[in-house]
1. Look through segment 158-170, keep the residues that are in contact (Cβ under 8 Å) with a residue 60 or more places away in the chain and within 22 Å of the chain's Cα centre (by Cα), and return whichever of them is surrounded by the fewest Cβ atoms within 10 Å (Cβ to Cβ).
2. Listed residues Leu175, Leu213; which is out of contact with any Cys (no Cβ under 6 Å at 6 or more places or on another chain), outside any loop (DSSP other than H, G, I, E, B), touching a residue at least 24 places away in the same chain (Cβ under 8 Å) and aliphatic (A, V, I, L, M)?
3. Quick check, is Gly215 modelled with pLDDT under 95 and either under 21 Å from Ser81 (Cβ atoms) or of a type outside the set (A, V, I, L, M, F, W, C) (or both)?
4. Val230 versus (1) buried (at least 21 other Cβ atoms within 10 Å of the Cβ); (2) over 12 Å from the mean Cα position of the chain (by Cα); (3) among the aliphatic types (A, V, I, L, M): which is the lone unmet condition?
5. Looking at (1) loosely packed, with under 15 Cβ neighbours inside 10 Å; (2) under 21 Å from Ala114 (Cα atoms); (3) touching a helix residue (DSSP H, G or I) at 6+ places or on another chain (Cβ under 7 Å), which is the one condition that is false for Ser150?
6. Somewhere in segment 109-130, is a residue touching an Asp or Glu at 6+ places or on another chain (Cβ under 8 Å), crowded, with 16+ Cβ neighbours inside 10 Å and in a loop (DSSP other than H, G, I, E, B)?
7. State all residues of segment 59-101 that are modelled with pLDDT of 90 or more, crowded, with 18+ Cβ neighbours inside 10 Å and not in a loop (DSSP other than H, G, I, E, B); if no residue qualifies, say none.
8. For Ala188, are the conditions met, namely being in contact (Cβ under 8 Å) with a residue 24 or more places away in the chain, within 19 Å of Ser127 (Cα to Cα) and surrounded by 12 or more Cβ atoms within 10 Å (Cβ to Cβ)?
Amino acid sequence: MLGDNERDAAAPQQPAEPPLQNPSRRRWARAGMAAPVVLGSLASQPVLGTTTRYWCTISGKLSGNVSNHENTLNCKTLGKSPGYWKNKSWPAGFTKGTLPSNSCSFSGGTAGTAFNGYMSGGKTLASAFKMKPTTDMCRIVDATESGYGSLTLNATMLQVLNTGGGLNDTVIASLGRATVASLLNAVAFGGNGPDDYPLTQAKIIEMFNAVYLGGSYQVNPSVSWNRDQVRNYFESLYGA
């Protein structure tokens, strides 16, 4: 009968488990049951390339997972700013025109595309900006101001782009500038490619109309955006 030491010596020896050479594999091994949870989370992400405009769409912004993807497309490279469009040619479908005289006359230039009533994809921009001649300038009046309804001259998109910022800026004016730039971007850079502009003109118009007077844009059944949030989203899609 074998003693304990003899039984140990006689038992077949199990080969030693080879060391995990990959540090990440060692981390997964130590994590135990946590690994499938993390992997499941990653697998549940949309099956899209990491360099894709998906992360610049409304759905992508709301997903909150952009930081989990390397080499994600910089959304600000998709479009151009209001300042850019003030000084550059405009795409087909728009007339840039010139700024009016102090009396709101275009006799010395060309009246460009009006903001109010601009149409695309069955959507029409609401009446939000008109112009009013004063003693020393052609003033832009927005729909929130007293007496707006009695004015008859619609402001052009170029005039809206030229509304002042700084201390004299207003919420509706800054939203208007972002809207004009977004409309121009949608035409100039829109398409179906992975790095194309993620908004259509019709969607931009729909979003502006919903919020310009202080309302909200229903993003989905549980999320709505106010004027500032819509403007911030528009601004997130263009750089210089």
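The values are calculated or read from the model by the stated rules, or taken from the named source; none is laboratory data. Keep in mind that what you see is a predicted model, and the values were worked out from it rather than measured. All Cβ positions, glycine included, derive from the backbone under ideal geometry; neighbour counts span all protein chains shown.
1. Looking only at segment 158-170, we keep the residues that are in contact (Cβ under 8 Å) with a residue 60 or more places away in the chain, and these are 158-159, 161-162.
From what's left, within 22 Å of the chain's Cα centre (by Cα): 158, 161-162.
On the way: Leu158: 23, Leu161: 24, Asn162: 14.
Out of the qualifying residues, it is Asn162.
2. On the way: Leu213 fails: outside any loop (DSSP other than H, G, I, E, B).
Result of the check over Leu175, Leu213: Leu175.
3. Details: modelled with pLDDT under 95: no; either under 21 Å from Ser81 (Cβ atoms) or of a type outside the set (A, V, I, L, M, F, W, C) (or both): yes.
So Gly215 fails the test.
4. Here Val230 meets the rest and fails (2).
5. All conditions are met except number (3).
6. Yes, some residue in segment 109-130 is touching an Asp or Glu at 6+ places or on another chain (Cβ under 8 Å), crowded, with 16+ Cβ neighbours inside 10 Å and in a loop (DSSP other than H, G, I, E, B).
7. Cys75, Gly79, Pro82, Trp85
8. Working: in contact (Cβ under 8 Å) with a residue 24 or more places away in the chain: yes; within 19 Å of Ser127 (Cα to Cα): no; surrounded by 12 or more Cβ atoms within 10 Å (Cβ to Cβ): yes.
Here the answer is no, as Ala188 does not meet what is asked.
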